[in-house]
1. When only C-alpha pairs under 8 Å and at least 6 residues apart count, what is the relative contact order of segment 213-303, in percent?
2. Using a Gaussian network for the chain with springs between C-alpha atoms less than 10 Å apart, which of these wobbles most: P309, P183, P153?
3. So how compact is segment 213-303: Cα radius of gyration and Dmax in angstrom?
4. Would you mind computing, in nm to one decimal, how far apart the modelled labels at K232 and S130 are, each placed 7 Å from Cα along Cα→Cβ?
5. Quick one: plug the Kirkwood hydrodynamic radius of segment 244-290 (C-alpha pairs) into Stokes-Einstein at 10 °C, 1.306 mPa s, and report D in µm²/s.
6. Grab the DSSP H runs of the chain that are 4 residues or longer, score each as -39,500 (n - 2.57), total them, divide by all residues and round the 222 nm result to the nearest 500 deg cm²/dmol.
7. Give the lysines reachable from K200 as a straight Cα distance under 18 Å; neighbours fewer than 8 places away on the same chain don't count.
8. Could you pull the Rg and Dmax for segment 1-158, using just the Cα atoms, both in Å?
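Here, each number is a calculation from the coordinates, and none is a lab measurement. Quantities reported herein were computed from a predicted structural model and do not represent experimental measurements. A quick note on method: Cβ atoms are made from the backbone with ideal geometry, for glycine too, and the neighbour counts reach across all protein chains shown.
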Amino acid sequence: MSEKPVEYSGPERVFSGVQPSGSLHLGNYLGALKKFVDLQDAHDCVYCIVDLHAVTVWQDPKELAKQTRHIAAAFLAAGVDPDKAIIYPQAQVRAHSELAWYFNCVARIGWLNRMTQFKDKAGKNSEKMSVGLYDYPVLQAADILAFKATHVPVGEDQKQHLELSRDIAAKFNNDFDAPGFFPLPEPLIKGPGARVMSLKDGSSKMSKSDPSDLSRINLTDEADKIAKKIRKAKTDPEPIPAEMDGLEGRPEVANLVGIYAALSGQSDQDVLNTYAGEGFGVFKPALADLCVEKIAPITESMNRYLADPAEIDRILAKGAEAAAAIADPIVSDVRDIMGFWKA
């Protein structure tokens, strides 16, 4: 009779990260930042600005630090409290890079070849892409496991990468006879706003890389611009349905209803109950007002933080120190487990 595998028994910890490239938008807020705020009161949370991931594609060196502060300001403006959660830049904690190399020696080429995100991003130009872009799922595993994170709030498009993190953790534990050393992190996907789609195409995710600014609501958009974007959002001629089944085949309508639900804290069906039978001449203005109500305070707070870069830098430096205090001993244990010489 085989023995039951030893399970990880350490503390629960949440880890997530956001790249410092482009402006954050409504999808980032509902799918990530709002959840970060909700999680910080009940969990040990580590939130990283993943600048090492950002440079897997070209970043202007004159803008990278500025973009890092921009993302930090968005975290803070959305309500992430640096006294409750750790906020820091990835490159300031060396454990990420070191553990990624060790995991490169654990992960297998076949595992990375199955990662669909690289294929989607590279397209026909895979031979011209950086090794970093191909390998970044391994760095992502190191990001998570450097803190022995047990839970990761991710979108559906990142679930495959989290599975790779679990595979790497399990193989490390097995290969080096270290049962239960690394946890097998679980995804936190469900909930309102888990997947916000483009305002111009309900089949595509809202993205800061979309060439059309009308496809998204940026967290820096003023009230008039938000209202304009909602007014121009793609819909169809039919009214709001009374039941969820009526949203099938209507991706743009389902997206707008989902946005309203996530911002108002209601279910999609609650929104349908309120607006069933109404046209978009009624629904869109209501949605625009709600977006302005929720986003305008974040925009104002972001601008206040961005006007004081020294305060942002203080928070990030403090966060980096706290993050290293957790991750460095874990990576030191990894070196011992792998048998590296030490003085």
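1. Contact order relative to length: 39 percent.
2. P309
3. Rg and Dmax of segment 213-303, Cα atoms, are 13.1, 42 Å.
4. Between K232 and S130, the simple spin-label model gives 3.2 nm.
5. Approximately 149 µm²/s, per Stokes-Einstein.
6. -16000 deg cm²/dmol
7. K208, K225, K228, K229, K232, K234, K284
8. Rg then Dmax for segment 1-158, in Å: 16.7, 61.
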